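Visitor: This structure is in structure tokens; I'll ask about it shortly.
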Amino acid sequence: MLKAKGLTRVYRLGGEEIRALDGVDFHVRSGEHVRIVGASGSGKSTLLNLLAGLDHPTAGSIETSAGSLTEMPPARIAEYRARWIGMVFQSFNLIPHQSALQNVALGMLFIGLPARERLRRAEETLTELGLADRLHHRPGDLSGGEQQRVALARALAKRPRLLLADEPTGNLDQENSARLAEWFARLSAAGLTIVVVTHDQQLAQRAVHRTLEMSYGRIVRETTHREVGPTAEGRC
Amino acid sequence: MLGEFLGMAAGNLWRMKLRTGLTVAGVAIGIGALVTMFSFAFGLQRNVSAEFRELGLFNTLHVMPGGPSGGPGVVVDGEDPDDSAAAAEVVGEDTGGAADSIVILDDAAIEAIAALPGVVHVYPQDTFDARLVWGSQEREVTAQALPASFGQKRGVRKILAGRFFTADSVPEIVLSDRVLRAWEAAPDSIVGDTITLQAAGRGALVREFVGPMLEDERLPDELRALGQGISEFYLSRLGENRCRLAVVGVIEVERGWGFRLHDALVPSGIAGGLDRLGFSNPIELLARMSAGAGAGYPLAVVTLDQRADAEAVREAIEARGLQVLSFAAEFARMRRAFLIFDIIVGVVGIVALAVAALGILNTMVMSILERVREIGILKSLGARDSQIRWLFLVESGLIGLLGSVGGWLLGWGVSRILSLIVGRLLVSQGNPPIDFFVMTAGLAAAAIGFGVVVSLLSGLLPAARAARVDPVQALRRE
Ligand SMILES: Nc1ncnc2c1ncn2[C@@H]1O[C@H](COP(=O)(O)OP(=O)(O)O)[C@@H](O)[C@H]1O
Ligand SMILES: [Mg+2]
């Protein structure tokens with residue numbers, strides 16, 4: 001469902017060039033759960049931002065089922081992001097002055113759902129993630145684990161085709177990390193396509209189809225743990 | 001979507017109450033100043049033009065005797081606008097010089113003017129000093145002879161009681177409210193009564209000055225008898241200087257522009273038969289004397305048809321060597337002065353609003369700097385750049401709307417208060433209360449619309465900046 005070729009992203013700081021990504025070929029199949037590992041600064045986030053259409057590659061192309069990201073006009077990329085992509089960040093990135101419910105509902109604003117439908121779905125998703133009694137709490141009144149689940153609910157409520165997660169457990173303790181990994185496993189089992197970045201090599205591998213290791217802006221190792229099941233493949 | 005943005009913008013403004021309040025106050029003060037000043041400017045113009053219209057000045061020309069050297073149009077075309085107010089002076093000045101070349105405004109001239117196309121009627125400003133006697137009450141007034149048609153065609157502004165006289169030679173009189181006030185009488189109480197009007201005539205002069213002289217005891221009896229004989233003969237040749245007139249009406253005489261009515265109005269036929277001195281001040285007397293005997297009037301008022309070509313009439317009158325004062329032309333010149341006034345007012349208001357706009361700019365820039373991360377989140381959720389721009393435009397527009405409505409209320413309140421104070425002041429000095437401030441729906445709409453537009457304009461730059469926020473950088477921040 002997504003295929004990138006020769007992805008390169010060069011940052012220029014003063015006179016210096018930083019090749020955050022250096023000719024990466026990358027693909028995700030429908031229903032696949034891909035894990036990206038690598039040292040800090042190896043280009044994992046950069047890759048994820050490019051896949052989300054938040055950033056533009058210096059060179060290379062990204063083909064998606066929705067079209068070529070590298071050729072789409074900005075408004076179409078925004079729409080792709082709104083309809084196709086759910087994102088989860090290490091630092092949660094919730095809006096602090098809005099309640100959990102409002103944050104999750106906001107995640108569906110740009111796909112043009114009516115307000116009532118958004119609130120209904122937001123409540124449903126939060127309840128599913130075990131936050132039924134936290135609907136009207138603000139992020140500041142929630143624990144880190146709860147905040148990350150709100151962020152996950154925001155990403156999922158819109159029913160995305162691709163979930164991108166950038167070190168989602170990075171700010172969580174052991175117990176909450178395990179819980180979140182459990183959720184990712186379940187979503188993957190349900191057929192959701194997931195790309196998750198983590199430098200935590202110890203994260204449960206049983207649900208992951210493939211692990212890519214990055215170093216200095218390149219993919220240096222690819223390990224396939226298991227094949228994507230045919231049921232999942234038929235989903236997208 | 002715009003509804004959502006409105007809600008978000010309102011929420012953001014509400015969270016920053018103090019900052020929002022101060023910014024809104026800035027806009028309100030700017031708009032308030034603008035509203036108050038324009039309210040005053042419009043009110044002033046409305047009062048002046050209403051006054052002109054009410055007095056029928058737009059279709060009125062004033063004709064004065066022509067000056068010897070200045071020729072026609074001296075008054076009207078003079079560069080100094082004060083000239084118009086000094087019409088009587090011009091007559092005096094001009095006649096004081098070379099008296100031989102003066103063009104007299106006499107009955108023949110008035111008839112000729114009346115015959116011009118577009119002229120409804122012409123009547124001379126024919127005044128004389130007189131004493132009114134009503135029972136035990138007396139008063140020295142300036143009386144004015146008018147044709148009965150004046151009451152019908154031109155109309156008197158306010159008849160407080162009774163009516164205007166209906167014929168030119170009935171023994172009737174119309175008094176001003178000033179006389180009634182002096183006599184401490186209600187307008188209704190005098191209508192129907194008969195009063196005596198005693199003109200300051202030549203006979204009165206003779207009696208007053210010659211009489212005592214003849215009574216001088218040093219004078220030989222024969223001479224005294226001769227003198228008395230001559231003066232009696234002379235007096236008998238003069239008309240009566242007093243007459244009894246029925247008061248038929250009381251009118252309100254206001255201070256107006258140019259032509260105004262005097263305290264006792266007498267039908268022209270009655271006044272014509274009186275022995276009276278046809279002047280009410282020494283300058284006029286000089287003018288008459290230097291112009292020769294029976295020397296016409298100082299002023300005639302020409303009323304034009306609504307559709308008449310005022311310029312053509314004016315040129316025709318000026319061709320006779322008379323001077324013409326056109327109030328329509330005067331008004332056009334005043335309009336230019338008003339325009340300049342409006343521009344000055346506008347500039348001052350816009351400076352105030354520019355300061356407010358800077359306030360909005362500052363608030364929006366701060367608000368965006370604080371919300372860079374939020375912008376990044378919205379973009380990661382699929383917000384387009386244009387939507388981000390709108391979100392912030394709505395926010396600055398909302399500030400503008402609140403500020404403008406507040407400013408309009410402020411301006412309205414201030415103008416009401418000032419109006420009250422000015423009104424009190426006018427009344428305390430014996431003037432009718434005039435509302436110098438006008439507040440129309442148009443002004444309110446313009447003020448609010450203008451405020452919102454200015455706010456949106458000052459929000460444009462910050463909004464564009466918000467739209468340009470790089471989501472990757474914004475989300476990276478810790
Ligand atoms: N905006 C930027 N400007 C300059 N250098 C950047 C920027 N973003 C990332 N980099 C650099 O690019 C490289 C890859 O960064 P990143 O993708 O965030 O790594 P990871 O997520 O694997 O830790 C790093 O060297 C980082 O310093
Ligand atoms: Mg990273």
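Visitor: Taking the Cβ of each residue in B:F341, B:F165 as the centre, tally the other Cβ atoms inside 10 Å and list the residues starting with the fewest.
Guide: So the ranking, lowest neighbour count to highest, is B:F341, B:F165.
Visitor: I would also like to ask the following. Viscosity 1.567 mPa s, temperature 4 °C: what is the translational diffusion coefficient of the stretch A:79-228 from Stokes-Einstein with a Kirkwood Rh over Cα pairs, rounded to a whole number of µm²/s?
Guide: Answer from the Stokes-Einstein relation: 81 µm²/s.
Visitor: What is the order of B:L457, B:L299, fewest Cβ neighbours within 10 Å to most?
Guide: Fewest-to-most Cβ neighbours within 10 Å comes out as B:L457, B:L299.
Visitor: Based only on the alpha carbon positions, what is the Kirkwood hydrodynamic radius of the stretch A:117-186, in angstrom?
Guide: Hydrodynamic radius (Kirkwood, Cα pairs) of the stretch A:117-186 is 12.5 Å.
Visitor: Additional query: Please arrange A:S177, B:S458 by how many other C-beta atoms lie within 10 Å of their C-beta, fewest to most.
Guide: Ranked by crowding around the Cβ, least crowded first: A:S177, B:S458.
Visitor: If you don't mind, another one. Kirkwood Rh over alpha-carbon pairs of the stretch A:79-136, then Stokes-Einstein at 37 °C and 0.692 mPa s: what D in µm² s⁻¹, rounded to an integer?
Guide: The calculation lands on 275 µm²/s.
Visitor: Would you kindly work out the equivalent ellipsoid of the stretch B:305-458 from its C-alpha gyration tensor and give its semi-axes, the square roots of five times the eigenvalues, largest first in whole Å?
Guide: Square roots of five times the eigenvalues give 51, 22, 12 Å.
Visitor: Considering the Cα trace of the stretch B:373-464, what is its radius of gyration and what is Dmax, both in angstroms?
Guide: Answer for the stretch B:373-464, Rg first and Dmax second: 21.1, 73 Å.
Visitor: Starting from the amide H of A:V88, placed 1.01 Å from N in the peptide plane, find each other amide H under 5 Å away whose residue is 5 or more places distant or on another chain.
Guide: A:L164, A:A165, A:D166
Visitor: Moving on to the next point. Over the stretch A:163-225, what portion of Cα pair distances is larger than 13 Å, expressed as a whole percent?
Guide: Value for the stretch A:163-225: 65 percent of Cα pairs lie more than 13 Å apart.
Visitor: So for the protein assembly as shown, Kirkwood radius off the Cα pairs, Stokes-Einstein at 20 °C and 1.002 mPa s: how many µm² s⁻¹?
Guide: 63
Visitor: Another question, if that's okay. Scan the stretch A:23-105 for GluC sites (Glu not before Pro) in coil per DSSP, keeping those whose Cβ has at most 14 other Cβ atoms within 10 Å, and list them by number.
Guide: Here the sparse-neighbourhood loop sites are A:E71.
The numbers here are math on the coordinates, done by the rules we state, and not lab data. Predicted, not measured: the structure shown is a model, and the values here were computed from it. Glycine gets a Cβ as well: all are built from the backbone with ideal geometry, and neighbour counts include every protein chain shown.
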